[in-house]
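Step one of this worksheet: look at the structure below.
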Amino acid sequence: MNRPLRALALLLVVLTTACGVAPRAVVVDRSPPPTSRPGSPIPDGARTHTVQRGDTLYGIAFRHGLDFRRVAGWNGIGPPYTIYPGQRIRLQPQGAGTAVATRPAGGSPAAGNRPPGGAIGTAPPVRPAQPAAPVATAPTPTAPVSPPAANPATPARPPASTPPAATAPGGPVRWQWPTAGQVVGRFVAGDPTRQGISIIGSAGQPVNAAAAGTVVYSGSGLIGYGELVIVKHNDEFLSAYGHNRKRLVAEGEQVRAGQQIAEMGRSGAARDMLHFEIRRGGRPVDPSAHLPAR
């Protein structure tokens with residue numbers, strides 16, 4: 001065989017051998033980065049909260065550090081702030097004229113204990129989102145919204161829980177210490193684990209309302225707070241009392257300054273203590289700046 005034919009035969013052998021070998025797959029990782037950096041846009045799922053059985057608008061706003069009036073405005077929800085299980089609640093403003101807080105289709109909620117604060121009762125009509133109301137320095141009385149006429153073709157759905165029908169007290173809030181004991185944990189601005197103060201004491205010790213107001217949440221639905229009571233003092237201020245052994249007040253109940261509302265305990269804590277917060281316009285503030293010196 002001459003040299004050109006021999007070279008051609010050798011090339012055919014090499015190509016035939018190569019075709020019998022399976023090629024190796026090249027793996028390309030196209031997954032997104034694991035987390036977003038601070039300041040980057042929040043994923044769409046984080047902008048909404050799906051209402052669970054017993055949720056209330058006050059509790060949802062408290063959980064996310066928001067003013068309940070702003071949350072209501074973003075979702076077109078008016079007093080008495082009725083919401084329903086399965087409803088999506090927007091936690092940030094959206095484009096004008098787009099309603100997000102809609103009632104879920106079908107099904108009926110089961111009765112149960114109420115989680116976090118706020119109101120749920122007779123359903124107001126769903127309206128387009130309105131601009132958030134400015135933070136008020138004094139409570140603004142609002143006339144209750146009458147429920148719409150029932151549609152005979154659509155059975156009425158019971159709300160997730162019953163709203164407190166309270167009128168916030170007028171005038172400035174006059175604070176007092178909620179319990180006796182040593183302060184062992186201080187407020188640190190911007191630290192989500194230190195949004196109030198911790199006062200140690202003994203099991204069963206009285207926990208009192210730090211000012212007159214209305215109980216807008218009494219339950220254990222907020223993780224990290226144990227048995228929790230939240231009191232609304234006016235449209236600007238709320239106070240929260242966590243880790244109780246026993247709650248002595250119910251949602252919608254009017255309380256006086258100094259009235260016992262719970263017994264100290266260690267629910268959600270390592271020792272008997274009271275976790276006490278003051279929130280102004282939905283945001284935690286330093287309770288020591290409002291409580292009298294002692």
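The values are calculated or read from the model by the stated rules, or taken from the named source; none is laboratory data. Given the structure is predicted, the values throughout are model-derived calculations rather than measurements. Positions of Cβ are generated from backbone atoms using ideal geometry, with glycine treated the same way; all protein chains shown enter the neighbour counts.
Structure summary
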{"item": "Those residues of the stretch 213-232 which are of a type in the set (Val, Ile, Thr) and either free of Cβ contacts under 8 Å to residues at least 24 places away in the same chain or not in a strand (DSSP E or B) (or both), in sequence order", "result": "223"}
{"item": "Of residues in the stretch 87-115 being modelled with pLDDT of 90 or more and either within 15 Å of the chain's Cα centre (by Cα) or of a type in the set (Ser, Thr, Tyr) (or both), the one surrounded by the fewest Cβ atoms within 10 Å (Cβ to Cβ)", "result": "92"}
{"item": "Residue match in the stretch 247-254 (condition: modelled with pLDDT under 95 and outside the structural domain of residue 55 (by TED's automatic domain parsing))", "result": "yes"}
{"item": "In the stretch 269-285, the residues that are surrounded by fewer than 17 Cβ atoms within 10 Å (Cβ to Cβ) and either in contact with a Ser or Thr (Cβ under 7 Å, 6 or more places away or on another chain) or charged (D, E, K, R) (or both)", "result": "271, 280, 283"}
{"item": "Any chance residue 245 is among the basic types (Lys, Arg), assigned to a strand (DSSP E or B) and in contact with a Lys or Arg (Cβ under 9 Å, 6 or more places away or on another chain)", "result": "yes"}
{"item": "Enumeration of residues in the stretch 180-212 that are hydrophobic (A, V, I, L, M, F, W, C) and part of a strand (DSSP E or B)", "result": "183, 184, 197, 199, 200, 207"}
{"item": "Checking residue 167 against (1) of a type in the set (Ser, Thr, Tyr); (2) at pLDDT 95 or above; (3) surrounded by fewer than 16 Cβ atoms within 10 Å (Cβ to Cβ), the condition it does not meet", "result": "(2)"}
{"item": "Some residue of the stretch 188-197 being of a type in the set (Lys, Arg), in contact (Cβ under 8 Å) with a residue 24 or more places away in the chain and at negative phi", "result": "no"}
{"item": "Considering residues of the stretch 215-268 that are surrounded by fewer than 21 Cβ atoms within 10 Å (Cβ to Cβ) and among the hydroxyl-bearing types (Ser, Thr, Tyr) only, the residue nearest to residue 283 (Cα to Cα)", "result": "220"}
